[in-house]
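Chemist: Pasting in a structure now, in structure tokens, and then I'll have a few things to ask.
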Amino acid sequence: MDRLFWHRGIHLPFWQSIACFVLGCILSLFLLNTPVFFLTITLVVLVGVLTISNLKTKIVVISALLFGLAYPIIYYHCAYDTHLSYIELQQKQLIKGKVERIDDYLYTYRLSVKPAVLGTEKIAKYKKLTLQLYLTKQSFDKNTVRIGDTITTRAKLKPIVPVVNEGIFDRRLYNFYHGIKYKGSISNNSLFKVTREDNKQRARFLNFSEYSWLYSAVLFGDTSKMPRDFKHISRQLGISHLFAVSGLHMTIVFAFSYWIIRVCCLLFNKFNRLKVLPLLVGILSCALYLHFSNYATSAQRAFIMLCAFCICWQINRAYIGYRALMFALLCVFIFNPFVPLTVGFYFSFAAVLSILLSLDLIKKFKIRSYLAKFFVVQVAITITLIPVTVFFFNGFSIYSLFVNLIAIPFFSVVLMPGILLVSLLSALLQTDLFILLLEPLLALIVASINEFNDIGSWLNLPSISWQLTVLLLISSLLLLYTSYSLYLTLPLMVFYLSQASFNQEQLVIRVLDVGHGLAVLLSYNNQAVLYDVGAKYSDYSYVKSVILPTLRINNLRLMRTVISHDDNDHSGGLTHIIENGKLSTISGYGKACSFKANWLSNITFESISKNSMFKSDNNNSCVVLVTYKHFKLLLTGDIEKKREQALLNDRRIADIDVLISPHHGSNSSSTDAFIKHTNPSWVLHSVNAYNRWKFPSLKVVERYASNNIKQLATYHGAIKVSVTDTNYAVSSQKQLKNYWFLVD
């Protein structure tokens with residue numbers, strides 16, 4: 001057990017202090033969200049510290065914990081606390097900054113700009129702030145601005161508020177970590193000045209090659225230009241890590257530069273004695289590579305551990321991987337204590353720790369074969385990362401172990417060195433010949449990976465709590481150290497599987513966060529009914545990004561799909577419903593809105609028919625009453641005043657429990673008479689934050705409030721209504737994940 005505490009050669013308080021500092025940072029990030037659990041951990045740590053006999057050690061360790069608690073707050077106010085006031089958001093602001101990224105959409109270009117000046121304030125370089133500015137293709141062409149240009153313009157900005165849904169990637173945390181806060185549009189009559197610099201492209205292939213996205217992904221971990229289908233297949237196969245800069249990439253870059261300088265030193269006797277020169281060049285090359293990879297967490301960790309290895313090698317001291325990993329953890333947290341908000345942090349450190357433990361296992365059993373060693377390491381990584389993968393992606397790749405046994409050696413020996421060599425030669429000799437020679441190999445790789453599109457290699461699993469994830473991760477790591485860990489791992493697995501297979505007999509209503517639009521998913525006994533499908537923009541739709549993942553995560557089978565009316569924000573994703581084989585589920589669309597059925601067990605879905613057709617498509621919306629024992633839900637689509645008046649005599653919709661607000665809370669709807677007739681306990685508004693129509697209308701909000709009706713909007717995240725035999729509960733995703741550092 002000695003090696004797990006790393007106390008040989010360095011005093012134990014040093015490692016305890018690092019652990020307490022890191023723990024303090026994590027507590028500071030999440031303390032307000034789960035106080036009981038983290039306060040318990042804090043008390044356990046403090047009790048453990050107080051048992052130390054040495055008073056000096058107690059003071060050092062407690063000080064490290066307190067500093068860790070305070071450091072994220074200090075860092076936040078130094079780096080992240082840049083906000084525009086309400087008055088500033090109502091006016092156009094002067095923006096001057098460097099273009100870091102350009103995304104090409106159907107009708108617009110989206111520029112990611114790092115501002116140097118915003119309004120009347122100069123923005124320091126260390127500030128985490130990025131603006132997203134949209135240029136319409138009607139007014140600007142693709143050569144108007146390039147990456148690396150400095151632009152000066154004026155734009156009216158508004159905060160970026162991503163959608164938040166249950167079990168789906170929380171983009172709020174991603175945007176916060178990268179400082180992506182505000183967005184705005186630039187019209188052709190706005191001030192727009194471009195200062196073009198001599199952009200030093202990373203390499204010529206970024207513009208020349210058909211597979212420039214693959215070069216960027218392999219070399220720098222930049223997957224922004226990677227085709228969506230290819231990215232999806234890579235994740236399904238479990239090889240996404242190959243396109244994230246890690247220790248494997250850093251080792252290849254170091255070895256490449258080290259041996260070039262080493263050979264040069266051998267050729268020139270004058271430099272043969274400078275044995276430190278190859279090490280310095282290797283480290284400098286890796287530092288440059290770290291910069292090009294945009295300081296990804298895994299790249300930082302790999303660089304720090306590599307530097308530690310080089311120092312130990314040079315001073316002839318033993319390199320202890322656990323110490324290097326612990327020191328890298330400290331450095332990463334000092335660089336940015338909000339790093340636990342990123343997915344890559346957990347994968348990177350968990351994978352390396354599993355590698356170190358597996359190497360000890362190899363020594364213990366005296367395994368000599370290189371193939372056997374590689375197999376043991378790969379098995380260790382796979383087992384360790386399964387809980388993390390299930391937590392973040394609601395499943396894991398079935399074939400990842402076997403695919404990586406082939407992919408990693410090929411990537412390490414052929415692909416990465418080949419692309420690196422071609423890139424350097426093309427940049428030095430200013431020729432595209434080498435790129436052309438590599439193109440057939442890249443085409444073969446892409447085609448081969450695309451062949452795995454339909455093999456079904458991904459196993460979907462129900463969502464897992466982070467507490468259980470931590471316990472499973474710890475038990476899997478301990479499993480590499482001692483077989484007695486099975487006594488912890490097996491009960492946890494049985495508990496998780498029993499919870500996953502347990503079928504709760506209750507109605508669950510999810511008003512999904514689909515921006516400006518509507519999608520309501522009702523589920524019971526692993527079966528679901530969908531009312532409206534949200535919007536579709538070009539190839540993007542909320543069906544693919546929100547609805548289908550929600551069905552998979554919760555193991556739901558879609559039985560029926562009801563479309564209220566033919567507006568994009570309600571029916572735009574219908575084509576993707578059909579493409580995914582759900583055509584047979586569509587019911588009650590348009591004139592077919594006439595039904596009374598029990599699509600979900602004993603839950604009644606009843607359309608509220610119209611006495612006559614209305615001129616307005618909104619007023620022809622398919623209104624549906626859902627009844628379950630004591631509970632009533634009314635789905636209203638986009639009905640307005642005239643349709644509401646026609647419903648005032650219908651006693652079926654009187655005294656309902658939950659109302660989906662008509663027309664997203666527009667003032668053209670939700671008349672006082674309709675509110676009094678339906679008399680809901682709750683009204684739910686499906687809207688996005690800062691929408692241009694300012695839904696829900698302030699007058700409508702006041703109208704519901706004056707009738708003592710509780711309200712909730714989806715700009716607080718997806719809303720969940722859990723209905724039992726005797727009661728029901730309403731909650732939103734942002735209420736469940738209310739981080740102190742997030743400001744909408």
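The values are calculated or read from the model by the stated rules, or taken from the named source; none is laboratory data. For clarity, every value in this text was computed on a predicted model and none was experimentally measured. In this analysis, Cβ positions are derived from the backbone assuming ideal geometry, glycine residues included, and neighbour counts consider all displayed protein chains.
Chemist: Hey, among Leu425, Leu401, which residue is over 30 Å from Ser476 (Cα atoms) and not assigned by TED's automatic domain parsing to the domain that holds Ile474?
Modeler: Details: Leu401 fails: over 30 Å from Ser476 (Cα atoms).
Checking each option against the conditions leaves just Leu425.
Chemist: Still on this model: Taking Ser358 as the residue in question, decide whether it is hydroxyl-bearing (Ser, Thr, Tyr) and either in the same structural domain as Leu472 (by TED's automatic domain parsing) or surrounded by fewer than 15 Cβ atoms within 10 Å (Cβ to Cβ) (or both).
Modeler: Details: hydroxyl-bearing (Ser, Thr, Tyr): yes; either in the same structural domain as Leu472 (by TED's automatic domain parsing) or surrounded by fewer than 15 Cβ atoms within 10 Å (Cβ to Cβ) (or both): yes.
Spelling it out, Ser358 is indeed hydroxyl-bearing (Ser, Thr, Tyr) and either in the same structural domain as Leu472 (by TED's automatic domain parsing) or surrounded by fewer than 15 Cβ atoms within 10 Å (Cβ to Cβ) (or both).
Chemist: Checking the structure you have, find out if any residue of the range 729-740 is touching a helix residue (DSSP H, G or I) at 6+ places or on another chain (Cβ under 6 Å) and among the polar types (S, T, N, Q). Write out each step before concluding.
Modeler: Filtering the range 729-740 down to residues touching a helix residue (DSSP H, G or I) at 6+ places or on another chain (Cβ under 6 Å) leaves 732, 734.
In the following step, the residues that additionally are among the polar types (S, T, N, Q) were identified as 732.
Checking the range 729-740: at least one residue is touching a helix residue (DSSP H, G or I) at 6+ places or on another chain (Cβ under 6 Å) and among the polar types (S, T, N, Q).
Chemist: I would also like to ask the following. Taking only the range 560-584 into account, find how many residues are farther than 19 Å from Lys536 by Cα and in a helix (DSSP H, G or I).
Modeler: Total satisfying the criteria: 1.
Chemist: While we're looking at this one, here's another question. Looking only at the range 713-728, count every residue that is in a loop (DSSP other than H, G, I, E, B) and either without any contact (Cβ under 8 Å) to a residue 12 or more places away in the chain or touching a helix residue (DSSP H, G or I) at 6+ places or on another chain (Cβ under 9 Å) (or both) and tell me the total. Spell out the reasoning first.
Modeler: Here is the first cut: in the range 713-728, the residues in a loop (DSSP other than H, G, I, E, B) are 717-718, 724-727.
After this cut, where a residue has to be either without any contact (Cβ under 8 Å) to a residue 12 or more places away in the chain or touching a helix residue (DSSP H, G or I) at 6+ places or on another chain (Cβ under 9 Å) (or both) as well, the list is 717-718, 727.
The qualifying residues number 3.
Chemist: Sort out which residues of the range 411-467 are among the acidic types (Asp, Glu), exposed (fewer than 13 other Cβ atoms within 10 Å of the Cβ) and at pLDDT below 85, and write them in order of number.
Modeler: Of the residues in the range 411-467, the ones among the acidic types (Asp, Glu) are 432, 439, 451, 454.
After this cut, where a residue has to be exposed (fewer than 13 other Cβ atoms within 10 Å of the Cβ) as well, the list is 451, 454.
If the condition is that a residue be among the acidic types (Asp, Glu), exposed (fewer than 13 other Cβ atoms within 10 Å of the Cβ) and at pLDDT below 85, then Asp454 is the only one that fits.
Chemist: Within the range 396-413, does at least one residue satisfy the condition of being touching a residue at least 12 places away in the same chain (Cβ under 8 Å), of a type outside the set (Phe, Trp, Tyr) and farther than 25 Å from Met250 by Cα?
Modeler: yes
Chemist: Let me ask something else. Would a scan of the range 273-291 turn up a residue that is out of contact with any Ser or Thr (no Cβ under 7 Å at 6 or more places or on another chain) and among the polar types (S, T, N, Q)?
Modeler: Our first condition is that a residue be out of contact with any Ser or Thr (no Cβ under 7 Å at 6 or more places or on another chain); within the range 273-291, this holds for 273-280, 283-284, 286-291.
Pick out the ones that are also among the polar types (S, T, N, Q) and you get none.
No, the conditions are met nowhere in the range 273-291.
Chemist: Within the set of pairs 6 or more residues apart or between chains, which connect a residue that is farther than 13 Å from Gly573 by Cα inside the range 512-541 to a residue that is in a strand (DSSP E or B) and small (Gly, Ala, Ser) with Cβ atoms less than 8 Å apart?
Modeler: Final answer for the pair search is Leu521/Ala528; Leu522/Ala528; Val529/Ser523.
Chemist: Please specify each residue of the range 670-686 satisfying the condition of being part of a loop (DSSP other than H, G, I, E, B) and surrounded by fewer than 23 Cβ atoms within 10 Å (Cβ to Cβ). Write out each step before concluding.
Modeler: As a first pass, look at the range 670-686 and keep what is part of a loop (DSSP other than H, G, I, E, B): 670-671, 679-681, 686.
The answer is Thr671, Asn679, Ser681.
Chemist: Next up: Of everything in the range 585-603, what is over 24 Å from Val546 (Cα atoms) and either in a strand (DSSP E or B) or not assigned by TED's automatic domain parsing to the domain that holds Asp539 (or both)? Give them in sequence order.
Modeler: Lys596, Ala597, Asn598, Ile603 - these are the residues of the range 585-603 that are over 24 Å from Val546 (Cα atoms) and either in a strand (DSSP E or B) or not assigned by TED's automatic domain parsing to the domain that holds Asp539 (or both).
Chemist: Val414 - would you say it is over 20 Å from Ser298 (Cβ atoms), assigned to a helix (DSSP H, G or I) and β-branched (Val, Ile, Thr)? Write out each step before concluding.
Modeler: Values: over 20 Å from Ser298 (Cβ atoms): yes; assigned to a helix (DSSP H, G or I): yes; β-branched (Val, Ile, Thr): yes.
Yes, satisfied.
Chemist: Determine which single condition Leu635 fails, assuming it passes every other condition in (1) buried (at least 20 other Cβ atoms within 10 Å of the Cβ); (2) in contact with a helix residue (DSSP H, G or I) (Cβ under 6 Å, 6 or more places away or on another chain); (3) not β-branched (Val, Ile, Thr).
Modeler: It is condition (2) that Leu635 fails.
Chemist: Could you grab me the full set of residues in the range 309-357 that are of a type in the set (Gly, Ala, Ser) and in a helix (DSSP H, G or I)?
Modeler: Looking only at the range 309-357, we keep the residues that are of a type in the set (Gly, Ala, Ser), and these are 318, 321, 324, 328, 344, 348, 350-351, 354.
Answer for the range 309-357, where residues must be of a type in the set (Gly, Ala, Ser) and in a helix (DSSP H, G or I): Gly321, Ala324, Ala328, Gly344, Ser348, Ala350, Ala351, Ser354.
Chemist: Out of curiosity, is Val263 surrounded by 22 or more Cβ atoms within 10 Å (Cβ to Cβ), over 21 Å from Tyr346 (Cα atoms), of a type in the set (A, V, I, L, M) and not assigned by TED's automatic domain parsing to the domain that holds Arg110? Walk me through it before giving the result.
Modeler: Values: surrounded by 22 or more Cβ atoms within 10 Å (Cβ to Cβ): no; over 21 Å from Tyr346 (Cα atoms): yes; of a type in the set (A, V, I, L, M): yes; not assigned by TED's automatic domain parsing to the domain that holds Arg110: yes.
Answer is no for this residue.
Chemist: Quick one: which of Ser240, Ser185 is hydroxyl-bearing (Ser, Thr, Tyr), over 30 Å from Leu429 (Cα atoms), crowded, with 19+ Cβ neighbours inside 10 Å and at pLDDT 90 or above? It would help to see each step written out before you state the result.
Modeler: Values: Ser185 fails: crowded, with 19+ Cβ neighbours inside 10 Å.
The unique qualifying residue is Ser240.
Chemist: Looking only at the range 699-712, which residues are part of a helix (DSSP H, G or I) and over 26 Å from Asp617 (Cβ atoms)? Spell out the reasoning first.
Modeler: Initially, the range 699-712 is screened for residues part of a helix (DSSP H, G or I), giving 699-706.
Matches in the range 699-712: Glu702, Ala705, Ser706.
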